[in-house]
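Peer 1: Sharing a structure, written as structure tokens. Questions coming.
Laboratory data are not the source of any read-out in this text; all were calculated from the coordinates shown. Not measured: the values here are computed from a predicted model. Cβ atoms come from the backbone with ideal geometry, glycine included; neighbour counts cover every protein chain shown.
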2 protein chains.
Amino acid sequence: MNKFKIALVQLNVTDSKTANLDNAEKLVKKAADSGADIVALPEMFICPYNTKRFPEFAEKADGTSVERLSRVASDNGIYFIAGTIPELDESGRIYNTAFIFDSKGEIIGKHRKIHLFDINIKGGISFKESDALSPGKTATVVDTPWGKIGVAICFDIRFAELFRHMSLEGAKTVVVPASFNMTTGPAHWDMTFRMRAVDNQLFMAGCAPARNPDLGYVSWSNSILTDPWGRIVDKLDVDEGLLLHEIDHGYVDDIRTQLPILSGFKEREQYK
Amino acid sequence: MNKFKIALVQLNVTDSKTANLDNAEKLVKKAADSGADIVALPEMFICPYNTKRFPEFAEKADGTSVERLSRVASDNGIYFIAGTIPELDESGRIYNTAFIFDSKGEIIGKHRKIHLFDINIKGGISFKESDALSPGKTATVVDTPWGKIGVAICFDIRFAELFRHMSLEGAKTVVVPASFNMTTGPAHWDMTFRMRAVDNQLFMAGCAPARNPDLGYVSWSNSILTDPWGRIVDKLDVDEGLLLHEIDHGYVDDIRTQLPILSGFKEREQYK
């Protein structure tokens with residue numbers, strides 16, 4: 001099975017956890033009813049993107065929100081990259097975590113954002129995620145009936161090596177819950193999704209929140225799907241909505257044969 | 001000294017070695033007279049880009065063409081990334097090689113193309129460089145009065161790791177003699193130069209031959225300079241000409257402070 005339908009849910013995030021979960025559930029059902037096999041939510045869809053609010057919204061992996069997200073997957077019979085939430089571990093550390101469910105609601109993967117968003121652009125945005133969060137350490141690639149899917153989170157995408165690692169692990173699509181901002185979005189969002197797809201010869205899907213100028217951190221939105229030749233297959237604007245599109249992993253195999261970058265990489269010297 | 005002027009010579013390649021060298025010398029002098037500190041020529045500027053012709057044009061590193069290129073550097077008092085030529089070694093192997101000279105004409109580096117261009121695009125281009133050429137193994141970064149400069153050749157640019165390696169070795173600009181074609185050029189040329197610059201927070205300069213539809217391999221041309229924020233600083237069209245622009249390596253330091261990707265990379269885990 002090479003072909004499947006992916007849905008990226010560009011939802012509007014508020015500061016009510018319950019409202020955000022209700023809205024996510026409604027939109028995931030809409031996606032599934034439209035034929036989606038795999039559904040993704042945005043980064044921190046459950047709370048405002050604000051380091052001071054993360055502790056208040058954080059939950060353990062066996063908390064009620066994760067339990068509810070599991071039920072959303074099984075009720076709709078979809079594979080589910082459930083955006084990210086602030087995850088609390090045993091020792092009180094908080095991570096920016098994507099839980100990944102199969103169509104029965106079983107957790108088949110969990111990605112903790114590896115590269116935290118610490119940035120200070122002159123005349124643009126300043127943000128220091130490491131004030132509140134701890135970094136993950138490992139790449140995440142899960143099995144699905146349509147092939148392997150990698151998962152990374154927002155600023156992780158800045159690091160080409162992580163995407164090479166996932167492609168060498170067999171990923172043919174990488175899903176990235178993300179929320180670029182009004183400085184880095186126009187400069188780098190489209191190009192980064194296009195180029196990681198070209199370099200690693202896979203599909204890249206970026207799922208962002210809808211734009212809400214009332215929040216302290218304003219998302220660039222523009223949820224996007226790019227293909228292994230670097231084309232933008234589909235893209236949303238700034239409003240709440242669904243990006244729903246078929247992906248054919250057979251095209252990944254075609255491109256890898258025509259332009260043998262990955263095999264060239266495997267044979268390469270270490271350049272020293 | 002952070003600021004210097006770079007010139008990319010987009011010259012028209014013919015099948016006469018002497019004519020190509022004469023033309024290169026004339027245009028390098030023009031660039032130097034216009035204030036260029038560093039001048040680059042395109043990939044295989046000395047011969048048609050054709051695997052069957054490489055043996056006929058190949059010369060050893062102490063051959064007359066390299067000697068002449070050295071004199072072009074010293075006569076004009078410029079640092080010189082002298083495009084590439086087919087280089088013959090002691091054992092009869094041929095490489096796609098860039099010789100790099102300082103302003104006294106001394107060879108300060110030599111880059112042999114690492115990733116050979118073996119490609120077979122459906123409905124597009126087929127080419128197999130490895131029919132005639134052997135691959136280099138090592139990355140090339142040279143010292144100049146304005147900071148370290150990396151050198152890579154055309155298909156090398158497909159491999160993100162090589163550019164990360166050069167940036168970690170201290171390169172603040174990477175010069176790429178190259179010749180993309182009419183299939184991959186429109187799809188990937190601009191974006192690849194922009195994204196390697198963003199990922200590694202350095203300037204990228206791509207120097208290509210002018211477009212000549214009479215040759216078997218038609219170059220996309222479009223010589224280009226991109227900056228560490230991913231902007232296209234300057235770009236040529238398809239005719240013979242000079243791209244001449246100031247580069248400020250101080251901007252590299254600024255961007256590396258504002259968006260700490262390289263330090264984040266150094267601290268990263270291996271993702272396993």
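Peer 1: Take peptide A:139-145, look around each residue's Cβ out to 10 angstrom, count Cβ atoms belonging to other protein chains, and average those counts.
Peer 2: 1
Peer 1: I've got another one for you. Once you charge only the Cβ atoms, +1 for Lys and Arg and -1 for Asp and Glu, what is the size of the charge dipole of the range A:3-259 about its Cα centre, to the nearest 20 debye?
Peer 2: In debye, rounded to 20, the range A:3-259 gives about 360.
Peer 1: Straight-line reach from A:Lys30: which lysines have a Cα under 22 Å away, not including same-chain ones fewer than 8 places off?
Peer 2: The qualifying lysines are A:Lys3, A:Lys5, A:Lys17, A:Lys104, A:Lys235.
Peer 1: Between B:Asp239 and A:Asn212, what is the label-to-label distance in nm when each label sits 7 Å out along the Cα-to-Cβ direction?
Peer 2: If labels sit at B:Asp239 and A:Asn212, their model points lie 5.5 nm apart.
Peer 1: From the cross-link list A:Lys137/B:Lys122; A:Lys113/B:Lys110; B:Lys137/B:Lys172; A:Lys128/B:Lys137; A:Lys137/A:Lys172; A:Lys122/B:Lys172, which pairs have alpha carbons spaced over 32 Å apart?
Peer 2: Correct reply: A:Lys137/B:Lys122; A:Lys113/B:Lys110; A:Lys128/B:Lys137.
Peer 1: Let me ask something else. Given labels modelled 7 Å from the Cα in the Cβ direction, how far is it in nm from A:Lys3 to A:Asp131?
Peer 2: The two pseudo-label positions are separated by 4.9 nm.
Peer 1: Still on this structure: 7 Å along Cα→Cβ for the label point: how many nanometres lie between B:Thr257 and each equivalent label in the other copies, listed shortest first?
Peer 2: Copy-to-copy label distances at B:Thr257, shortest first: 5.2 nm.
Peer 1: Now for a different question. Take peptide B:60-67, look around each residue's Cβ out to 10 angstrom, count Cβ atoms belonging to other protein chains, and average those counts.
Peer 2: Mean shielding by partner chains, rounded to a whole number: 0.
Peer 1: Of all beta bridges DSSP finds with both residues in chain B, what is the antiparallel percent, to the nearest 5?
Peer 2: 70
Peer 1: Search the structure for amide H atoms under 5 Å from the amide H of B:Thr144, placed 1.01 Å from N in the peptide plane, and list their residues when 5 or more places away or on another chain.
Peer 2: Counting only residues 5 or more places away or on other chains, the set is B:Ile149.
Peer 1: Now for a different question. With r as the distance between the Cβ atoms of A:Asp254 and A:Asp118 and R0 = 45 Å, compute the FRET efficiency 1/(1 + (r/R0)^6) and round to 0.05.
Peer 2: That gives a FRET efficiency of 0.70.
Peer 1: Next up: Using 20 Å as the cut-off for backbone N distance, which residues of the range B:237-258 belong to the label zone defined by a point 7 Å from the Cα of B:Lys26 along Cα→Cβ?
Peer 2: Residues passing the 20 Å test: B:237-244.
Peer 1: A:Glu106 label points, 7 Å along Cα→Cβ, one per copy: pairwise distances from this copy to the rest in nm, shortest first?
Peer 2: 6.6
Peer 1: About the Cα centre, and with charges only on the beta carbon of Lys, Arg (+1) and Asp, Glu (-1), how big is the dipole of the protein assembly as shown? Nearest 20 debye, please.
Peer 2: It works out to roughly 300 debye.
Peer 1: OK, next. Per residue of B:115-126, how many C-beta atoms from partner chains lie within 10 Å of its own C-beta, taken as a mean?
Peer 2: So the per-residue partner count for this stretch is 3.
Peer 1: Taking the Cα-to-Cβ direction at A:Ser263 and at A:Asp33 and moving 7 Å from each Cα, how far apart do the two end points lie in nm?
Peer 2: 4.7
Peer 1: Output, in nm with one decimal and in ascending order, the distances from the B:Gly63 label point to the matching label points of the other copies (7 Å from Cα along Cα-to-Cβ).
Peer 2: 6.8
Peer 1: Could you tell me the ratio Rg/Rh of the protein assembly as shown? Both radii from Cα atoms, Rh via Kirkwood.
Peer 2: Value, to two decimals: 1.02.
Peer 1: Compute the projected area of the convex hull of the Cα atoms of chain B, averaged over all viewing directions, and report it in nm² to one decimal place.
Peer 2: Its Cα hull, projected and averaged over all orientations, spans 14.4 nm².
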